[in-house]
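Just below is one structure, and these are the notes that go with it.
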Amino acid sequence: MIMFPSKGKILQRLLQHRHTFWCSPPFGKAACSRLVLGIETSCDDTGAAVLDDKGAILGESLHSQKEIHLRSGGIIPTVAQHLHRENIERVVQEALERSGVDPRQLTAVATTVKPGLALSLGVGLEFSKRFVRQHNKPFIPIHHMEAHALTVRMLHPVAFPFLVLLISGGHSLLAVARGVDDFLLLGHSLDEAPGDTLDKVGRRLSLRKHPQCSTLSGGQAIELLAKDGDRTRFPFRTPMGQNFDCCFSFAGLRNQITMTIMKTEAEEGIEQGTLLSCVNDIAAATQHSVASHLAKRTHRAILFCKANGLLPSSSPTLVVSGGVASNQYIRKALAIITETTGLHLLCPPAKFCTDNGVMIAWNGVERLREGKGILPPNVDVYYEPKAPLGVDMTAEVKTAAIRLPSVKIKISN
């Protein structure tokens, strides 16, 4: 007579051997770690990545919409939404395949839910909700700016607290990062972001018609042309010189530049849409003014932090991230400030400064480690196009009214 084990004993044996099962082919050793899938669709890039709990990137994929939006002169939300929907399934599948990870192996899924373009955020969240429910995985909603702030910790052993400057096409802010979900907001943009300003100036200068700039964004084109320009030819005023706080304003600067472009077009007798002969000089002056504004507000934030004991006395750090942090001239301007004030400057590599799935997955890893913001798969989550980061300290900074010592921002191209 053949004796078959009971259902209870079968289950017991499966549980005893589950580690061998998951750590053997076809799943691989990666499954022995906690694995997070990150999904990013806050603006115009569809990104996904799988990371383990040590921060190793097991697989990633990114679909950029840049060329399409360059042709239309800016990001059109409905177009971005359509392109996200068209590509998100493929991008996530590629990240999983490249990592060699089966969805069953994932510990959690992290997705950007705020802030960003509403239509873009909606695509990523809708896909993620279906995915976590299908595979019964925990869900970790991610604040996009928090992810930018923490990316550096994937690459360097940066301890809390540290000062962070986040600058991109849609955001600019200064904050003290005191923990994974603990931030003090010292300053933010009052109108447009620096990346938006650079892109708009680039479009007004018709830089896509320049033979060196046809495939570049406005900000990238300005950085390239500025290398051969004379920034002193157009001395634009640095914004908010009489406002002793850490907030940013770029709309007035852009208006200055636009008026200068119009005047120069009239002097050269050309119509809008034609390249100016002095385009390199305007690019250099624009870049320098943006860099100076960012550097001065950051300088005041450092002095405020020192006066209030918000940063460690030994080895305080400034982290700069976001798409505009890729600009080397702006990095050099900030390096002058950190050298003057005794801070250590850290910037992630350019590929991690722009939007990507890696930073979202890493934010998920950080939250998973601390057990913060981890939701069951069936909980309703909503996207938030506008979402501040942390506790607002801007009023306290303004009240302190710290006046800056003179620091010369002199950079050779």
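Among what's in the range 89-123 and is among the aliphatic types (A, V, I, L, M) and assigned to a strand (DSSP E or B), pick the residue that is surrounded by the most Cβ atoms within 10 Å (Cβ to Cβ).
Among those residues, the one meeting the criterion is 110.
Apart from one condition, residue 412 fits all of (1) at pLDDT 95 or above; (2) part of a loop (DSSP other than H, G, I, E, B); (3) hydroxyl-bearing (Ser, Thr, Tyr); the exception is (1).
Quick check, is residue 42 outside any helix (DSSP H, G or I), closer than 25 Å to residue 366 by Cβ, modelled with pLDDT under 95 and in contact with a strand residue (DSSP E or B) (Cβ under 8 Å, 6 or more places away or on another chain)? Answer is yes for this residue.
The set of residues from the range 369-395 being over 29 Å from residue 107 (Cβ atoms) and without any contact (Cβ under 8 Å) to a residue 12 or more places away in the chain comprises just one member, 395.
Yes/no matrix, rows are residues, columns are (1) in contact with a His (Cβ under 7 Å, 6 or more places away or on another chain); (2) farther than 18 Å from residue 170 by Cα; (3) assigned to a helix (DSSP H, G or I); (4) assigned by TED's automatic domain parsing to the domain that holds residue 114:
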residue	(1), (2), (3), (4)
300	no, yes, yes, no
303	no, yes, yes, no
306	no, yes, yes, no
324	no, no, yes, no
332	no, yes, yes, no
337	yes, yes, yes, no
340	no, yes, yes, no
360	no, no, yes, yes
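Just one of (1) more than 29 Å from residue 406 (Cα to Cα); (2) surrounded by fewer than 16 Cβ atoms within 10 Å (Cβ to Cβ) trips up residue 180, so point out which. Against the list (1) more than 29 Å from residue 406 (Cα to Cα); (2) surrounded by fewer than 16 Cβ atoms within 10 Å (Cβ to Cβ), residue 180 comes up short only on (2). If I filter the range 384-409 down to residues being among the hydrophobic types (A, V, I, L, M, F, W, C) and assigned to a loop (DSSP other than H, G, I, E, B), which single residue comes out as surrounded by the fewest Cβ atoms within 10 Å (Cβ to Cβ)? Going through the qualifying residues, I end up with 401.
Which members of the range 155-175 meet the condition of being part of a strand (DSSP E or B) and more than 13 Å from residue 390 (Cβ to Cβ)?
Taking the range 155-175 and keeping what is part of a strand (DSSP E or B), we get 162-167, 172-175.
If the condition is that a residue be part of a strand (DSSP E or B) and more than 13 Å from residue 390 (Cβ to Cβ), then 162, 165, 167, 172 are the ones that fit.
Looking only at residues in the range 342-383 that are surrounded by 18 or more Cβ atoms within 10 Å (Cβ to Cβ) and of a type in the set (S, T, N, Q), the one that is farthest from the chain's Cα centre (by Cα) is 363. Residues that are in contact with a Gly (Cβ under 6 Å, 6 or more places away or on another chain) and either of a type in the set (A, V, I, L, M) or not assigned by TED's automatic domain parsing to the domain that holds residue 47 (or both) do not occur anywhere in the range 122-129. Step by step: first the residues of the range 227-259, then only those that are over 21 Å from residue 73 (Cα atoms) and among the hydrophobic types (A, V, I, L, M, F, W, C), then the one that is surrounded by the fewest Cβ atoms within 10 Å (Cβ to Cβ). Which residue is that? If we take residues in the range 227-259 being over 21 Å from residue 73 (Cα atoms) and among the hydrophobic types (A, V, I, L, M, F, W, C), then 244 is surrounded by the fewest Cβ atoms within 10 Å (Cβ to Cβ).
If the condition is being out of contact with any His (no Cβ under 8 Å at 6 or more places or on another chain) and hydroxyl-bearing (Ser, Thr, Tyr), then the range 127-185 contributes 128, 151.
If you take the residues in the range 320-336 that are buried (at least 23 other Cβ atoms within 10 Å of the Cβ) and of a type in the set (Ser, Thr, Tyr), which one is farthest from residue 153 (Cα to Cα)? Can you show your working first?
To start, the set of residues in the range 320-336 that are buried (at least 23 other Cβ atoms within 10 Å of the Cβ) comprises 320-327, 330, 333-334.
Restricting the remaining residues to those that are of a type in the set (Ser, Thr, Tyr) gives 321, 326.
Working: 321: 12, 326: 18 Å.
The residue in question is 326.
Condition check ((1) of a type in the set (A, V, I, L, M); (2) crowded, with 19+ Cβ neighbours inside 10 Å) across all residues:
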residue: 275; (1), (2): yes, no
residue: 282; (1), (2): yes, yes
residue: 298; (1), (2): no, yes
residue: 304; (1), (2): no, yes
residue: 308; (1), (2): no, no
residue: 312; (1), (2): no, no
residue: 318; (1), (2): yes, yes
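The residues of the range 213-233 that are part of a loop (DSSP other than H, G, I, E, B) and at pLDDT below 95, listed by number, are 213, 214, 215, 216, 217. A count restricted to the range 342-358 and to residues that are in contact with a Gly (Cβ under 6 Å, 6 or more places away or on another chain) and not in a helix (DSSP H, G or I) stands at 2. Flag: residue 158 matches the condition of being surrounded by fewer than 21 Cβ atoms within 10 Å (Cβ to Cβ), over 17 Å from the mean Cα position of the chain (by Cα) and β-branched (Val, Ile, Thr). Just one of the numbered conditions (1) closer than 20 Å to residue 363 by Cβ; (2) within 23 Å of the chain's Cα centre (by Cα) is not true of residue 107: (2). Quick check on my filter: what residues within the range 362-376 are within 14 Å of residue 112 (Cα to Cα) and either outside the structural domain of residue 50 (by TED's automatic domain parsing) or not hydrophobic (A, V, I, L, M, F, W, C) (or both)? Within the range 362-376, 363, 364, 367, 373 meet the criteria.
The values are calculated or read from the model by the stated rules, or taken from the named source; none is laboratory data. If you're wondering where the values come from, they're calculated on a predicted model, not measured in any experiment. Using ideal geometry, Cβ is built from the backbone for each residue, glycine included, and neighbour counts are taken over all protein chains shown.
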